[in-house]
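Have a look at the structure below before the remarks.
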Amino acid sequence: MKKIFLILAAATVMVACGPSRQERVEQIEDFEDSVFENAIGADPATADQLTDLYVAFADKYPTDSLTPQFLMKAAEIQSNVIHTDRAIQLFDRVINDYSYFSEVPMCYFLKGNAYDLNCQYDEAKAAYEVFVEKFPDHFMAADTRKLIPLVGMTPEEIFEYNMAHAQDTLLAQSQED
């Protein structure tokens, strides 16, 4: 009788502790496979479910090497389904808690993009400016410098801006010759 009680107690403890790290990783990978095999992408509810798996892993294993990757994936997924507030929150979590992570520069840039998608143009410009200031040699820094003045413009305004600056560039080149 004591053996049965001990076996039941051990099983209860194992179940109460939840899935192991490896089981959580496998669950995430299986869910990713099912989500990303569809070329169209995830619907918002599915994106939220996958995000919840990533965040639960990060909460359970904050020092694991996969945690910043999972949080960044979660942020990108949330941004893709226009859940920009949650995306920004997750990008900030990576930036603040995992500053050593190699993709932190992209978090700054993608945070700007999320603000832009949410029509928060001042915040988008500020995030892009921080990206350029902190990572001036990043391969996207030069393009981001050119993007900043265009944030919040309509397509017509962008066209006019580009036409005006194209003429300035041509004038500057002709004066150099």
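The values are calculated or read from the model by the stated rules, or taken from the named source; none is laboratory data. Everything numeric in this text was worked out from a predicted model, so none of it was measured. Here the Cβ is made from the backbone with ideal geometry for all residues, glycine too, and neighbour counts use every protein chain on show.
Among the residues of the range 17-45 satisfying the criterion of being part of a loop (DSSP other than H, G, I, E, B) and within 18 Å of Asp64 (Cβ to Cβ), which is modelled with the highest pLDDT?
Going through the qualifying residues, I end up with Ser20.
Any residue in the range 126-134 that is touching a Gly at 6+ places or on another chain (Cβ under 7 Å) and assigned by TED's automatic domain parsing to the domain that holds Ile28?
No: the range 126-134 contains no residue that is touching a Gly at 6+ places or on another chain (Cβ under 7 Å) and assigned by TED's automatic domain parsing to the domain that holds Ile28.
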statement: Checked pairs for the range 147-173, first in the same structural domain as Glu123 (by TED's automatic domain parsing), second modelled with pLDDT of 90 or more and small (Gly, Ala, Ser), C-beta under 9 Å and 6 or more apart or across chains, list as Leu147/Gly112; Ile148/Gly112; Ile148/Ala124; Val151/Gly112; Val151/Ala124; Gly152/Ala124
